[in-house]
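Data block below; observations after.
The values are calculated or read from the model by the stated rules, or taken from the named source; none is laboratory data. Keep in mind the model is a prediction, meaning the values are calculated, not measured. Reconstructed Cβ throughout: ideal geometry from the backbone, glycine too, with neighbour counts over all protein chains shown. The accessibility values were calculated without ligands, DNA or RNA, using every heavy atom of the protein model including side chains. Shrake-Rupley method; radii C 1.70, N 1.55, O 1.52, S 1.80 Å.
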Amino acid sequence: MSEQESIGRRVQSRIYREGLFGRRPVVPVEPQLLERAARKKLSRRAWAYLAGSAGQQRTDAENRAAFDDHPIVPRVLVDVSSRELGVQLLGRRLPAPLLLAPIGALELAHPRSDVELAEGVRELGLPMVISTQGSRPMEETAATLRDCPRWFQLYWSSDDELVESLIRRAEDIGSDALVVTLDTHTLGWRTKDLDLGSLPFTRAEGIAQYVSDPVFRRLVEQRVAHPGPTTEPTPRPNRSAVAAAVSMARHWPGSLKDNLTSPLPRAAVETFLDVFSRPSLTWDHLPWLRERTRMPILLKGVQHPADAARAVEHGMDGIVVSNHGGRQVDGAIASIRALPAVVREVGRRVPVLFDSGVRSGADVYKALALGADAVMIGRPWVYGLAVGGGAGARAVLEYLLAELDLTMALTGARTIPDIRELGLGQVES
Ligand code: FNR
């Protein structure tokens, strides 16, 4: 890519040209302004879920602040007139080392959720990691992505057959990899959601992969056919409870009218809450998964180098260093601080991906300089989706790519491998 056509210059010039006509970017460029714009657009409930983290939000804050402890020392007089952002990852050429992190319940950010996102971002060609908590069945999202790469993220259900079914479907939609998220076998203490008494899944938001799954639907039907003893008395319905019941009915396939009088939608939520996760999962379960798919498997939520080493020993194909954006353990180490030790331990045997706290192209650069092979972007594009739909999510990703590209130019890195080689450029003082 020459300087003239580099994404950095292209996006920058487009914005400044528009500025001559008095037009400012609809989707703010500055990360804090973007966050504020999203907050304005969203209901309190949506904001709490999308932006909220665990406890006092300390790990979320640390995730971002810790990037400040890793300054870049730029190099000069390097011919950077042409730059290349492309990388090879798990056997596929990608236009840049960026992926869209799996994000559940996207209908809170935009009514068309995953499909709106897929439509907006597919031309960038960056892999979208489709979440188990998607708001649209993965088949619809994948069809909308066309030839844009997709991966699938798995929450390992307590029901083996359901896990097998989800994996089969992920293979059928052409997923290039399976990302198994390990840090959310139990939901963290999400204070902002708790204070609103709000969890999307209890209204059937973000359970589209389940209600569209034949194995899950059978579990729901069995539950309705053989109801267990009810332990708690049902309180008299009020407006909120009616709204929740309507939401459940809307999310169950079929006509809303029929669903409103059917026991299935509520049973679906209860079944989901029962089978969502498996807190008893251990390393011993990994061979079971390995036998069931040919997709490369990556473990997401690794922070300790000893766990990274074990993942490699267990034949895993990659690691995602992540703390779920600080949504699980308040007080957990900032993800960027955990990265170098994991990279050292893994020693290039498998790719190491990174997420949590990345808000800018410079942050992406730092993660790559510290040894990540690729970076997953989470909340920034969610905010873009809230502010400007699919085009908004795309705009945010373009800003990140543009800043990464310009940072490379300004630090003396022509290619992504150059970033790793240069590192952060620190010198002994
Ligand atoms: C997530 N994340 C997540 N991870 C996952 O494996 N499956 C999922 O369904 C979700 N859902 C989800 C929803 C929301 C609203 C957020 C903010 C995050 C975690 C996500 O993949 C990623 O690890 C974090 O978003 C990274 O943190 P930052 O950079 O967004 O703060």
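Could you calculate the contour length gain from residue 14 to residue 391, that is, 0.36 nm times the residue separation minus the distance between their Cα atoms, to one decimal place in nm?
Taking 0.36 nm per residue and subtracting the Cα distance, the gain is 134.2 nm.
Using every Cα-Cα pair within the stretch 1-143, state what percent have a distance larger than 21 Å.
Tail fraction, whole percent: 64.
Using amide H atoms built 1.01 Å from N in the peptide plane, name the residues 5+ places from residue 302, or on other chains, whose amide H lies under 5 Å from its own.
Result for residue 302 returns 320, 322.
Measure nothing but the geometry: give the 0 to 90° angle between the long axis through the Cα atoms of 264-275 and the longest principal axis through the Cα atoms of the chain, rounded to 10°.
The two axes meet at around 60 degrees.
Over all distinct Cα pairs, what is the inverse of the mean 1/r for the stretch 75-217, reported as the Kirkwood hydrodynamic radius in Å?
16.6 Å
Could you look at the chain and say what percent of its accessible area is carbon and sulfur, using a 1.4 Å probe and all protein chains?
Looking at the chain in its full context, I get 52 percent from C and S.
Probe of 1.4 angstrom, ligands and nucleic acids ignored: what's the accessible area per residue over the chain, in square angstrom?
46 Å²
For the stretch 133-204, run through the trypsin sites (Lys or Arg not before Pro) and keep only the ones in DSSP coil with at most 15 other Cβ atoms within 10 Å of their Cβ.
Here the trypsin sites (Lys or Arg not before Pro) that fit, given the DSSP loop and packing criteria, are 146.
How many percent of all Cα-Cα pairs in the stretch 64-143 sit more than 16 Å apart?
Considering the stretch 64-143, 65 percent of its Cα-Cα pairs are separated by more than 16 Å.
Over the Cα atoms of the stretch 281-429, each weighted equally, I'd like the Debye log10 I(q)/I(0) at q = 0.13, 0.15, 0.17, 0.18 Å⁻¹, rounded to two decimals.
The Debye formula, applied to the Cα set alone, gives -0.66, -0.85, -1.03, -1.11.
Can you give the Rg and Dmax of the stretch 160-300 based on its C-alpha atoms, in angstrom?
When restricted to the Cα atoms of the stretch 160-300, Rg and Dmax are 17.0, 50 Å.
Please report the Cα spread of the stretch 355-413 along all three principal axes, rounded to whole Å, starting with the longest.
Answer, in whole Å and largest first: 34, 21, 14 Å.
Output the Cα-based Rg and Dmax of the chain in Å, rounding Rg to one decimal and Dmax to a whole number.
21.9, 75
Using just the alpha carbons, could you tell me how many Å³ per residue the convex hull of the stretch 284-365 encloses?
Cα-based convex hull of the stretch 284-365, divided per residue, equals 111 Å³.
Taking the Cβ-Cβ separation of residue 143 and residue 75 as r and a Förster radius of 35 Å, what is the calculated FRET efficiency to the nearest 0.05?
0.20
With a point put 7 Å past each Cα toward its Cβ, work out how far residue 36 is from residue 218 in nm, to one decimal.
Label at residue 36, label at residue 218, 5.4 nm between them.
Report the Cα centroid-to-centroid distance between the stretch 316-342 and the stretch 1-74 in angstrom, as an integer.
Using only Cα atoms to place each centre, the spacing works out to 21 Å.
Cα centroid distance between the stretch 284-303 and the stretch 185-250, in Å?
Going from one Cα centre to the other spans 28 Å.
Using only the alpha carbon atoms of the stretch 47-99, find the Kirkwood hydrodynamic radius as the inverse mean reciprocal pair distance, in angstroms to one decimal.
Hydrodynamic radius (Kirkwood, Cα only) of the stretch 47-99 equals 15.4 Å.
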